[in-house]
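A.B. asks: This is the structure, below, for whatever I ask next.
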Amino acid sequence: MLRKLYDWIIAYSAKPSAPWALALVAFAESSVFPVPPDVLQVPMTLARPDRAWRYALIATIASVLGGLVGYAIGALLYDSVGKFLIDLYGYGTKVDQFRAAYAHYGHWVILLKGLTPIPFKLVTITSGFADYNLFWFVLLSIITRGARFFLLAALLHHFGQSAREFIEKRLGLVTLSFLAVLVIGLVAAAYFA
């Protein structure tokens, strides 16, 4: 089943709608969706290495725009939607600590957590809830999300064919490793928040 999904994404990458799907996932991941855009960016870039930078730019722009929705959820809808999403991920009791950290370390929180597998929506919603400066939020989001997606694009562009062969030969191990990193990110977010 995993192989079929991977092959479908690789085949889908050639379609004109593929960048729109990447944009949608990147947008949603920054506000409400739990699946990171890497799930699409990696196979799409492996299938079309000539579009590596384009895919990174699409993911960056969509992620920052989705981050603005997450910010709005935190700023305007925290008592209903924002709190529900934070509680859904098990961080409801730590929001006040996270909010207090913004008073001292807001720039670093956004920069560091935007690079990690910690769901970015936690940063965006809490930034809105903490009334973090919107200009700095957008600027730092562009920097951290751009760094993440362009670094991934650079690695995939450089190691393209050998990376594709490695992934395809060990698809189960790569998927398990990706899930492990995601779980470690969630645990780290709960522990350090």
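The values are calculated or read from the model by the stated rules, or taken from the named source; none is laboratory data. Since the model is a prediction, treat every value here as computed from it, not as a measurement. As a convention, Cβ positions derive from the backbone with ideal geometry for all residues, glycine included, and neighbour counts pool all protein chains shown. Each accessible area value is taken on the protein alone, full model and side chains, heavy atoms only, with ligands, DNA and RNA left out. Shrake-Rupley method; radii C 1.70, N 1.55, O 1.52, S 1.80 Å.
A.B. asks: Solvent-accessible area per residue for segment 29-70 at a 1.4 Å probe radius, Å²?
C.D. replies: 34
A.B. asks: In addition: Please list 37-49, 142-154, 9-21 highest first by mean number of surrounding beta-carbon atoms within 10 Å per residue.
C.D. replies: 37-49, 142-154, 9-21
A.B. asks: For Thr93 and Glu165, calculate 0.36 nm times their separation in residues minus their Cα-Cα distance, and state this gained length in nm to one decimal.
C.D. replies: 21.5 nm
A.B. asks: Expressed in nm to one decimal, what extension gain is obtained for the pair Ile142 and Trp53 from 0.36 nm per residue of sequence separation less their Cα-Cα distance?
C.D. replies: Computed gain between Ile142 and Trp53 is 30.5 nm.
A.B. asks: Hey, another quick one. On a full-extension model of 0.36 nm per residue, what is the gain between Tyr12 and Ala154, subtracting their alpha-carbon distance, rounded to one decimal in nm?
C.D. replies: Gain on extension, Tyr12 to Ala154, equals 49.0 nm.
A.B. asks: Pairs of alpha-carbon atoms within less than 8 angstrom and 6+ residues apart define the contacts here; what relative contact order does segment 1-101 have, in percent?
C.D. replies: Worked out over segment 1-101, it gives 28 percent.
A.B. asks: What shape does segment 1-45 have by the C-alpha gyration tensor, where a ≥ b ≥ c are the square roots of the eigenvalues, rounded means a/c under 1.5, and otherwise prolate means a/b greater than b/c and oblate the rest?
C.D. replies: Note, shape of segment 1-45 comes out oblate.
A.B. asks: Carbon and sulfur together cover what percent of the accessible area of segment 1-55 at a 1.4 Å probe radius?
C.D. replies: That share works out to 73 percent.
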